[in-house]
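The values are calculated or read from the model by the stated rules, or taken from the named source; none is laboratory data. If you're wondering where the values come from, they're calculated on a predicted model, not measured in any experiment. With ideal geometry, Cβ positions are generated from the backbone for all residues, glycine too; neighbour counts draw on all protein chains shown.
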């Protein structure tokens with residue numbers, strides 16, 4: 001099993017204990033707050049969210065897959081927690097989401113977005129033991145049951161480090 005913790009956090013900015021030491025946003029609810037001397041905007045958020053979506057696409061392609069199954073689905077919040085510009089489409093996507101469904105393409109992208117926006121939590125599972133799990137504070141875990149999986153090129157400002165998921169489905 002090869003697993004990675006995927007984050008927007010630069011590992012060079014971690015303390016010896018692995019704690020990220022820079023004052024950094026951790027949630028969509030942080031939009032409008034000050035970080036690193038500037039206001040964290042919706043466009044800043046969406047750029048990072050898109051990088052995570054692209055990361056999932058790249059990992060899945062490297063694993064030879066094109067779809068994943070939704071597993072362990074939990075609905076966490078309603079769309080009223082989102083900026084108004086994002087609420088309508090997210091609400092439509094939430095109504096379509098079901099535990100056990102196969103997702104690919106735009107639907108897969110949306111499941112990733114709904115997790116990152118803290119509206120749902122689920123595991124995404126694919127062939128060969130491939131998985132994507134979502135943690136707190138914009139941590140994501142990706143892995144596969146393989147000894148020869150190669151880390152794909154990552155989008156700018158996305159980091160991956162070897163790490164076992166804390167969200168295994170067999171526990």
Does the stretch 94-108 hold any residues that are crowded, with 18+ Cβ neighbours inside 10 Å and within 19 Å of residue 127 (Cα to Cα), and which are they?
103, 108
Here are 152, 166: which of them is surrounded by 14 or more Cβ atoms within 10 Å (Cβ to Cβ) and more than 12 Å from the chain's Cα centre (by Cα)?
152
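Taking residue 152, is it part of a loop (DSSP other than H, G, I, E, B), in contact (Cβ under 8 Å) with a residue 40 or more places away in the chain and either in contact with a strand residue (DSSP E or B) (Cβ under 7 Å, 6 or more places away or on another chain) or more than 19 Å from residue 42 (Cα to Cα) (or both)?
yes
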Please give the number of the condition residue 21 fails out of (1) in contact with a helix residue (DSSP H, G or I) (Cβ under 9 Å, 6 or more places away or on another chain); (2) more than 21 Å from residue 154 (Cβ to Cβ); (3) surrounded by 13 or more Cβ atoms within 10 Å (Cβ to Cβ); (4) at pLDDT below 95.
(3)
Single condition residue 1 does not satisfy, out of (1) closer than 20 Å to residue 167 by Cβ; (2) without any contact (Cβ under 8 Å) to a residue 40 or more places away in the chain
(2)
Looking at 119, 97, which one is touching a helix residue (DSSP H, G or I) at 6+ places or on another chain (Cβ under 8 Å) and in contact (Cβ under 8 Å) with a residue 40 or more places away in the chain?
119
Of the numbered conditions (1) over 15 Å from the mean Cα position of the chain (by Cα); (2) in contact (Cβ under 8 Å) with a residue 60 or more places away in the chain; (3) crowded, with 16+ Cβ neighbours inside 10 Å, residue 127 fails exactly one; give the number of that condition.
(3)
